[in-house]
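Data block below; observations after.
The values are calculated or read from the model by the stated rules, or taken from the named source; none is laboratory data. A quick note: this is a predicted structure, and the numbers were derived from the prediction, not measured. Here Cβ is always computed from backbone atoms with ideal geometry, including for glycine, and neighbour counts include all displayed protein chains.
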Amino acid sequence: MHRILWVDDEIELLEPHVQILRSRGYHVETATSGEDALALVEQKQFDLVFLDEMMLGMSGLETLQLLKRLDPYRPVVMVTKNEQESLMDEAIGRSIDDYLTKPISPSQVLAVCKKYLDARLLQQQRVTREYLRDFAQLEASIAQAERWEEWVEIYRGLVQWSLELDVHPDVGLDQTLAEQWRQANRLFARFIEGNYPRWLTDRPKEGNPLVSPHIADRFVLPLLRQQRRVVFVVVDCLRLDQWMVIESLVRQYYTTELHHYCSILPTATIYARNALFAGLFPADIERYYPQWAPEEGESETSQNAHEPDLLQELLRRRGIQLQGKFEYIKIYETEFGKRIESDAQRLVQNALTAIVVSALDIMAHSRSDTAILKEIAPDEAAYRSLTYSWFQHSSLWGILRALASHDVTVVLTTDHGAVRCLRAAQVVGDRQTSTCLRYKIGRNVRADAKSTITITELERYRLPRHSPVENLVLAKEDYYLVYPTDFHHYAAKYRDSFQHGGISLEEMILPIVILSPK
């Protein structure tokens, strides 16, 4: 039973309201002065206070200040005949939670009680009701999906429900939703296996999704042809759900236009991000620009050292003459990012600025090796919350705020996502096999067909081949690949880590957002 204190020096006139609240199951006590109210709240626990503004002795505003000092989180609702704006301003300045003007109706009083006392329960009931209503429809969509657009909608639906349950963790639907995610990823992998190779055309065909090499041509180059100033931001390892939790901040300064595209396979920086900047598939990068082609085993710094060269070559091939300077910036550590943020006004002078932000990718990989990070982000909901906290204090957000007051267009996207890996699968390969946990490329690599897809025709996937017996194994769903040697040790070490390189909704269906300053 919720406990309410109603403070008014003419409380007898409000007796009908008090009786209505009691009839609805609320425990209501009354006081006729600020002094009496303070004495009561020091003795008893109240969940909500209705407070008259004009009383004999201590005023409502004085009482409010002392009530908030005793408990700043207890909601206090001011009830007054005074409609002056200055009074409202002062009450709000003193942290009033709500404001009612006399004469008040029973429906107003009940609405306030439901808002502050019953809102969480009512919202949980709504969430449960709506999810159970949508469950069967989502199940049917997952079972029947045959087109890319349908999978995008399924993914968006799963993400929306994940975000909803983040807010209401007590409704007890987490396990049900987790099973839907697993079922969706199982059938999505089958969909990718049957359809992905035909999407790998130099120009996107109608009905097929955009893939990594198409993105600059579709979203960046048209703006440059219009002589717009463009900032092309690639946030490494940004998932759709992570974008959706930070979008509320971005919308304060920008209008947003969301699109989706498909990462190429493997969903790894060495392949996907170079393709994004080059406008070429990995096999073509190696064919036309062998001096810039990355190699497995190199550090990420070496693998992506030639992104600015690849992007400038794309501009040259498309015949685009920039009306100003091109600048490439990679933000890989906090101090450097803050220096860029402090000089962000300079960027608006460039015709094209490309910014790569590595923080989320570092966070994803560091989580499996850093105990404190795993404690801070033990699950998907906490991982999203950590993303929001990072972005709120990041140099990227500072740069975006600085750019918002200028005539620039920001194209923000990512090269791949990441999936939370929960099931280990054995893989066999030689010493030259790549080390990534979600894919292995090398000579005669083998793994269980239940957990992986094996690709022997690398050319069909527009990937470079370095040996006649070289093949690629891609992990599906939430599997990660571990060698038989010390299998249990490494399976335990990397279980519940965020990885990328394989086939999942989280890794492959990616956001691309056009940001226009308001």
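Details
- The range 371-425: number of residues that are more than 11 Å from Gln242 (Cα to Cα), in contact (Cβ under 8 Å) with a residue 40 or more places away in the chain and part of a helix (DSSP H, G or I): 11
- Flag for Leu158 being closer than 30 Å to Glu459 by Cα and either in contact with a Leu (Cβ under 7 Å, 6 or more places away or on another chain) or of a type outside the set (Lys, Arg) (or both): no
- Residues in the range 320-357 that are acidic (Asp, Glu) and more than 12 Å from Val231 (Cα to Cα): Glu333, Glu335, Glu341, Asp343.
- Output for the range 50-66, where each listed residue is closer than 10 Å to Asp8 by Cα and either part of a helix (DSSP H, G or I) or more than 42 Å from the chain's Cα centre (by Cα) (or both): Asp52, Glu53, Met54, Met55, Leu56, Gly60
- Of all residues in the range 142-175, those satisfying the criterion of being in contact (Cβ under 8 Å) with a residue 24 or more places away in the chain, part of a helix (DSSP H, G or I), buried (at least 16 other Cβ atoms within 10 Å of the Cβ) and not charged (D, E, K, R) are Ile142, Trp148, Trp151, Val152, Ile154, Tyr155, Leu158, Val159, Trp161, Ser162, Leu165, Val171.
- Candidates Ala189, Ala216, Ala178 - the one that is crowded, with 21+ Cβ neighbours inside 10 Å and more than 19 Å from Gly501 (Cα to Cα): Ala216
- Residues that are modelled with pLDDT of 95 or more number at least 3 in the following helices (runs of 4 or more DSSP H) confined to the range 240-317: 240-250, 269-278, 282-288, 307-317.
- Any chance Gly398 is out of contact with any Lys or Arg (no Cβ under 9 Å at 6 or more places or on another chain) and of a type in the set (Gly, Ala, Ser): no
- Count - residues of the range 367-376 that are within 24 Å of Gln175 (Cβ to Cβ) and either at pLDDT 95 or above or in contact with a strand residue (DSSP E or B) (Cβ under 9 Å, 6 or more places away or on another chain) (or both): 3
- When Glu90, Glu12 are checked against the criterion of being over 45 Å from the mean Cα position of the chain (by Cα), at pLDDT below 95 and part of a helix (DSSP H, G or I), a single residue qualifies: Glu12.
- The residue that is nearest to the chain's Cα centre (by Cα), among those in the range 196-212 that are in a helix (DSSP H, G or I) and either hydroxyl-bearing (Ser, Thr, Tyr) or over 14 Å from Tyr261 (Cβ atoms) (or both), is Ser212.
- Scanning the range 386-439 for residues that are under 30 Å from Tyr254 (Cα atoms) and over 25 Å from the mean Cα position of the chain (by Cα) returns His406, Asp407.
- Breaking point among (1) surrounded by 18 or more Cβ atoms within 10 Å (Cβ to Cβ); (2) touching a residue at least 40 places away in the same chain (Cβ under 8 Å); (3) in contact with a helix residue (DSSP H, G or I) (Cβ under 8 Å, 6 or more places away or on another chain), for Ala364: (3)
- Subset of the range 114-148 [among the charged types (D, E, K, R), under 24 Å from Tyr73 (Cα atoms) and modelled with pLDDT of 85 or more]: Lys114, Lys115, Asp118
- Filter result (within 18 Å of Met1 (Cβ to Cβ), out of contact with any strand residue (DSSP E or B) (no Cβ under 7 Å at 6 or more places or on another chain) and of a type in the set (A, V, I, L, M, F, W, C)) within the range 99-125: Val109, Leu110, Ala119, Leu121, Leu122
- Residue match in the range 472-487 (condition: without any contact (Cβ under 8 Å) to a residue 40 or more places away in the chain and more than 31 Å from the chain's Cα centre (by Cα)): yes
- Residue match in the range 338-348 (condition: within 27 Å of the chain's Cα centre (by Cα), of a type in the set (Lys, Arg) and either within 26 Å of Gln392 (Cα to Cα) or buried (at least 17 other Cβ atoms within 10 Å of the Cβ) (or both)): yes
- Scanning the range 27-49 for residues that are part of a strand (DSSP E or B) and of a type in the set (S, T, N, Q) yields a single hit, Thr30.
- Residue in the range 460-472 that is under 27 Å from Val152 (Cβ atoms) and part of a strand (DSSP E or B) present: yes
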